[in-house]
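This report refers to the structure that appears directly beneath it.
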Amino acid sequence: MSLKKLFITGLITLGLFISVGCSATTVEATPQSEQSKTTLEYYFPHENDAHEGTWLQWPNDNLYKYTIEDYEPIWIEMTRGLIKGENVHIIVYNDTEKERVKNVLIKENIDLTNIDFFVFQYDDVWVRDNGPIFAYDKDDNLIIQDWAYNGWGNKAPYKKNDIIPSLISEAIDVPKIDIDMIMEGGALELDGQGTLISTLSCVNNDNRTPDFTLEEIESYLSKYYGVTNFIWLNGVAGMDITDGHIDGMIKLVDEKTILAAPSFDPDSIEFDEEDPDVEILHNAKNAKGQAYELVFLPSTKKNVVKVQGEWITGAYLNFYVGNAVVLVPNYKDENDAVANEIIQELYPDREVIGIDVRNLYVDGGMIHCVTQQQPVDKLQSDIE
């Protein structure tokens, strides 16, 4: 069983816990600086921007028992969808797994033309958090940022995962920058125009950044991600293994639109008006000082998985935007169609593909957690 098991229980009960272990309680959005893209050292492109490909750490039974049986159908459907518009880079545990996965995909009638394989050992499948962060420097050179990683605050094995960015850098010949701060990809949501939304419970937690002040954390994020405008939610430390990753509750669709979980929706029975994060989000402004349009997704109509003896509803926000498709968590529930339609309206030029993620969701994650985008090489594209 995955060590991210507690993730879902935390998402459903967000706002019912008392935050512990973080350095601050309520912080309003940090005003935008005068910094422009031309003065930034690095720039992290929005997920909507053109990808060269997507990285996946393929499930195998060297990780946890029954991982292949439970997870592999999800990875098959992610791959089937993603190759419609980009390359898929599959990390497999060993050469035996490489041949096995190839044969699985061939039997599924999936064209291998835009798929390649890398044999690296890893601790689990959550590549969003341990994988490379691809960004551009001020001259538009593609680089890999290797942020430190400690298994969500020393809660899970991580030594193999921690070296994945280095192995990928060497394998694909993209320069790597080592960064001496722990930061997981799922902890950050950006709009590509200077704004970041995150949770203090995760990013400013002593189990990750004990030697950094919030001001110093912001300085790193400005330098390496190009952030000029910070929106800090409190989050809930200890609510789950991630201490409240933002990618399960918020999606910055673009610089004008925020897609949010039903706990932020005044018309939802899940709305928690006592949660200070509700007010922060509803008052959020982008880097230009403009208010965001807020759009909300529902939860599933019925309970869909059983976690620690309790049946819970499913969430839709942890979706992934590819070049040609949007991969959306689905649950064989009547609200799948409702959520898919809302997302389709926000991404009219992409095909929304619903994927049954129940076997992954019960262990703590969804689609965004297990994907990591590689943007196009701007300079190479210019040459071509």
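Throughout, read-outs are computed from the coordinates displayed, never taken from laboratory work. Just so we're clear, the structure is a prediction, and the values are computed from it rather than from any experiment. Every residue, glycine as well, gets a Cβ built from its backbone with ideal geometry; the counts of neighbours run over all protein chains shown.
Worth a mention:
- You can think of it this way: the chain between LYS306 and GLU293 has 1.3 nm of extra reach, that is 0.36 nm per residue less the Cα-Cα gap.
- Between the beta carbons of ASN109 and GLU270, assuming R0 = 41 Å, the FRET efficiency works out to 0.55 to the nearest 0.05.
- One decimal place: the segment GLU216-ASN62 gains 51.6 nm when fully extended, by the rule 0.36 nm per residue minus the C-alpha distance.
- Rg to Rh, two decimals, where the chain supplies the alpha carbon set and Rh follows Kirkwood: 0.93
- Dividing the convex hull volume of the alpha carbon atoms of segment 115-212 by its residue count gives 125 Å³ per residue.
- Modelled spin labels at GLU341 and GLN380, positioned 7 Å past Cα toward Cβ, are 4.2 nm from each other.
- HIS282-LYS138 FRET efficiency (beta carbon distance; Förster radius 35 Å; 0.05 resolution): 0.50
- Residue order, fewest to most beta carbons within 10 Å, for TYR66, TYR224: TYR66, TYR224
- Burial ranking of peptide ranges 236-242, 156-162, 305-311 (average Cβ count within 10 Å, highest at the top): 236-242, 156-162, 305-311
- The fewest-to-most ranking of GLU69, GLU86 by surrounding Cβ atoms within 10 Å reads GLU69, GLU86.
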